[in-house]
Structures are given as structure tokens and as C-alpha cells.
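Structure, as C-alpha cells:
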Amino acid sequence: MKNKGLLIAVFFAAGLLLTGGIMMLAGRKDQNNKKQAYSTEFLTMDTVATITLYGNSDLSPVRSLIERLDKELDRYDEDSEFCKFNSGLGTELSGSSLEVFEQSQELYEKYGYVDITCGGLISLWGITGDAPRVPEKYEIEQELAKIGFDKIEHNGTHINSSVGTKLDAGAVAKGYALDKAKQVLEDNKDECAVVSLGSSTLLFGKKPDGSQFSVGIKDPFSPDKLYATFETDEAFVSTSGGYERFFEADGKRYIHILDLETGCPSESDLASVTVIADSGIKSDFLSTAIFLAGSENLQKYLDDDSIKVIAIDSKGSMSCSSSLDGMIKLK
């Protein structure tokens, strides 16, 4: 069995930043621009995070925020409220835990497919851990019966589950953290920044040279290459696909994105979905939801004026929102 982690690297000489499913492409240096770029790279949220800030060398406010949220939203951190809930004793939700819980529920009720109450099913497969396995059918059925916000009892902000429901914020935590990072950057009156958390990235403010941010989408069939590029103003960009995190058993590949209808890894006919939005948690949530929905349900997302979508199917064909027509360059 093989467990393939995220491929993330920084190529300073080429001006290229690989981040999960997307790449940030550096434009030509503006000789009249005197804004110095300061960067840091560190491990957090099960990925390599990169912060690049223009005109300000103090990266600590954003980094400290992300590292704090990593602990608060980590279901395996004994001090986190999600961990306490998953222990079966129930807990009081507050701060980031409460916001993630409520925002995730709102997104699920509107769009479906991604449910943070599926923590037990994620643990059962263990695909992002050290010992992934193919569970028995009865095990999957037992965990499916525990999934759903209706399986959680509320008493104000205190939550409990009598059936053993477990929370896992992995599908939304990065996007939520980027929403909070944007607030910090705004409060500090920073002008431009790129904050990458692997599969989700915040493009903040305006570049010193006045140009748009250039983004490259990785080829899901050859992840070390680009499939396409596009340019955008300030935005959140998230990509989901099964080509970087998976394991193989008996000749079959099992990706880390689980289909909550079957309780098994998704067999979507989409290879990669990128969502551009004005909300981090929404882009993070929807990139996975649209991937799970598959090509037969793609059109309604392409017609959604609140987001921009780029989807690559299993045959290598691309579909995109009409607002991106003429803006995407195929590589």
C-alpha cells in the first residue's frame, strides 16, 4: 500500500510556488517597485504553509494565528473542543470551534456533500494517516449511521452525541483559517500578501506593480506540470482532487475524499476542481463538494455567480464558469 502526501515546494529561481493543486506564478520584477517581499514557510494543518508579505517583515501575526487555529481545530489535540466532543463526553463550543461548526452546517444545508460530522468514517479508512485500510462493509454502515448534524444534541453551545458522532474539520479548516488571516492583514493595514495552506490560498490586496495575481492549476494527471493558468484580483482559491493523497490495495486506488452516500472513497469522474470565491471556507468547502457531485451536477455550479469554477474531468477536458471565458490559458 502507498500513501502519497502533498507535493509542495518553492522554486525561488523560477519564481514559482507549488501549493497543493495550484501554483502561484511570479510576474516580472517592477524596477520602480520598492516593496520588499518577505516570506516564511512552516508546517501546520497537515501541510506546508507559506506566507509572503509585501512591505512588512513582521510575518508573526498571521503565522501565530494559523498555528493557533491549527491546534484549536485539530480533532487529535487533547485541548481542542472537537477532540473533547469526539471523546464522547460532549463539550462547550466557543470561538473558532463554534464558528467552524456553525458555518460548516450552513454550507452543508445549502450545498450538501461535505459534512464535518463524518470524523468516524475518516478514522475508519485512515487514508491520511500511517495505516490506511479497506474496512469491512458492516464497519462502513456503522459509521454512516452516525453521520449528520441531526445526530448531535444541542443545549445552547453545548453539544453531545448519544450515537458516537465524531467531528473532523479537515474539509474546511484551511479555508476558515485564511478568512481569519485576511482579517489580520486588514487590521494591520497590509497592502498585499499571499498566504498558502496547501490546497487553499489567500490572494490579498493589490500587488505592488499593479498587476493581477497569476495562478497556475496543476495537471491532475502529471502534478509536476501545469494544466492551465489564469489571473485574478484579490480572492480565495481552493483546489480538490484525488491525485495527491491516496493509497492502493489489491490493485485499486482509494483517494482521501470520501463519498458520504457510499461511505467509500469517491469515484468521481472529475479529476480536479478549483473554486475562486470571496470566502475562504466557502472555496474550501465547495471545491470538495463539487468534486463529489461529479460532472452530471457541474452546470449549476458553473452558473453560480457567487463563485468561479474550473473543473477538469477524468478524460482531461476542462469546464469553467462563463466569467472566466478568455481568461484561462491552457498549458
Calculated FRET value between S323 and S162, using beta carbons and R₀ = 45 Å, to 0.05: 0.45
Cα-only Debye scattering, region 208-285: base-10 log of I(q)/I(0) at q = 0.13 Å⁻¹: -0.51
Relative compactness, region 267-312, computed as alpha-carbon Rg over 2.2 N^0.38 Å: 1.02
Additional length obtainable on full extension of the chain from S295 to K206, 0.36 nm per residue less Cα span: 28.6 nm
Whole-Å distance, taken between Cα centres, linking region 106-143 and region 238-295: 13
Label-point separation, E231 to K137 (7 Å along Cα→Cβ), nm: 5.5
Quarter of Cα convex hull surface for region 65-160, i.e. mean projection, nm²: 7.0
Packing rank of 106-119, 36-49, where each peptide gets the mean count of other beta carbons within 10 Å, highest leading: 106-119, 36-49
Calculated diffusion of the chain, Stokes-Einstein form, Kirkwood radius summed over Cα pairs, 20 °C and 1.002 mPa s, µm²/s: 105
Linear extension gain, K315 paired with R68, 0.36 nm per residue minus alpha-carbon span: 84.8 nm
Subset of K110/K308; K174/K308; K35/K218; K206/K329; K282/K331; K182/K331 violating a 26 Å alpha-carbon distance limit: K35/K218; K282/K331; K182/K331
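In terms of the Cα gyration tensor, with a ≥ b ≥ c the square roots of its eigenvalues, is region 171-219 rounded because a/c is under 1.5, prolate because a/b exceeds b/c, or oblate?
Taking the square roots of the gyration eigenvalues as a ≥ b ≥ c, region 171-219 is oblate.
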Mean Cβ neighbour count within 10 Å, used as a protection proxy, ranking 144-156, 178-190 highest first: 178-190, 144-156
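Laboratory data are not the source of any read-out in this text; all were calculated from the coordinates shown. From a predicted model like this one, the values you see are computed outputs, not experimental measurements. Virtual Cβ from ideal backbone geometry, glycine too; neighbours counted across all protein chains shown.
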